[in-house]
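One structure is given here, and the rest of the page talks about it.
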Amino acid sequence: MAELLFQVLGEVLVEVGLQSLVAPFRRQPNVWLAVLGHALLGALLGALSLWAWPHHLMRDGWPRLLNLVVTPVIAGLVMALLGRWRARRGDAVLRIDRFAYGYLFALSMAVVRFNFAS
């Protein structure tokens with residue numbers, strides 16, 4: 001019985017995870033799945049970046065912590081500006097072109113790098 005419960009729970013978690021990865025690309029996704037998808041994609045990119053750059057790009061101490069706090073805010077602002085630029089041109093504006101989604105994506109990536117880079 002425990003094995004069945006474990007497998008069903010595992011499949012449900014994988015299904016929710018896959019749906020959250022697809023949600024940011026849908027026209028009208030569930031907001032919470034889109035949030036989860038952006039966080040997962042940011043963490044995935046952070047993990048992939050460790051393969052290419054396994055070491056921290058900042059020195060130890062406060063510069064690394066400052067990078068963790070400030071960089072996602074700047075990235076979110078840049079994505080919001082990009083979204084405004086796209087809207088003025090009449091191009092499609094993606095969810096990541098909004099501050100909150102850009103910030104979340106960058107924060108997820110930064111947290112993974114902060115914790116796992118050597």
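Per-structure values
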read-out: Point-to-point label distance, Leu77-Ser118, nm (Cα→Cβ direction, 7 Å offset); value: 3.5
read-out: Sequence ranges 52-60, 106-114, ranked by mean other-Cβ count within 10 angstrom, highest first; value: 106-114, 52-60
read-out: Note, ³J(HN,Hα) from phi for the range 91-100, Karplus 6.51, -1.76, 1.60, rounded to Hz, x at Gly and Pro; value: 7, 5, 9, 8, 4, 5, 7, 10, 4, 4
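Rule-based calculations on the coordinates, nothing more; no lab input. None of the values given here were measured: they were computed from a predicted structure. Glycine also receives a Cβ, built like all others from the backbone with ideal geometry; neighbour counts cover every protein chain displayed.
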